[in-house]
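The values are calculated or read from the model by the stated rules, or taken from the named source; none is laboratory data. Nothing here was measured: the structure is a model prediction, and the numbers come from that model. Positions of Cβ are generated from backbone atoms using ideal geometry, with glycine treated the same way; all protein chains shown enter the neighbour counts. Note: areas computed on protein heavy atoms with side chains; ligands, DNA, RNA excluded. Shrake-Rupley method; radii C 1.70, N 1.55, O 1.52, S 1.80 Å.
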Amino acid sequence: MFRRLQPALLLTLVALLAGCAQYRNDRGVEVNWQPSALAGLSRGETTRADVLARLGPPSQVIASGDETVLYYLNEHAEGEGLLLVLYNRFEVDTRYDRAIFFFDADDRLTDYSTWLRPSDDD
């Protein structure tokens, strides 16, 4: 009788130890560098204070000689997985949005670049 119950008990045990998992993680600064927010930026005229007022504090401030760089980064990760006793599978999609602004010794904007990953809805 016990031999007949062993496969059923083993299957029940595996089912109880198995599970699904969902993962979501947001790190960095809020993404404020949409094209509409950057429309008024002008190289040579926009100041570092102007950019800080529009976008808030950056992820990093980098000093390089006479230049200052404001670096904004946002990381968004989502995933799901299957957790079993002998086998685990996890799939994570990570998205990085970033913006970088360069300023001269007078705190005037010299150059900038941004990247927003297109949403899955587009």
The distance between the Cα centres of the stretch 14-59 and the stretch 104-118, in whole Å, is 15
Dividing the helical contributions, -39500 (n - 2.57) per DSSP H run of n ≥ 4, by the residues of the chain yields a 222 nm value, nearest 500 deg cm²/dmol, of -6500 deg cm²/dmol
Please list 44-52, 23-31 highest first by mean number of surrounding beta-carbon atoms within 10 Å per residue. 44-52, 23-31
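At 0.692 mPa s and 37 °C, plugging the Kirkwood radius over alpha-carbon pairs of the chain into Stokes-Einstein gives what diffusion coefficient in µm²/s?
Details: Rh = 18.1 Å.
In µm²/s, the coefficient rounds to 181.
In whole percent, and with a 1.4 Å probe on the protein chains, what portion of the accessible area of the chain is carbon and sulfur? Numbers along the way, then the final one.
Details: 4640 of 8810 Å².
Answer for the chain: carbon and sulfur cover 53 percent of the accessible area.
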Put a dot 7 Å past each Cα toward the Cβ at Asp106 and Leu86; how far apart are the dots in nm? 7.2
How many times 2.2 N^0.38 Å is the alpha carbon radius of gyration of the stretch 54-122? 1.68
Once Leu41 and Leu9 are pulled to full extension, the length gained, defined as 0.36 nm per residue separation minus their Cα-Cα distance, is 4.8 nm
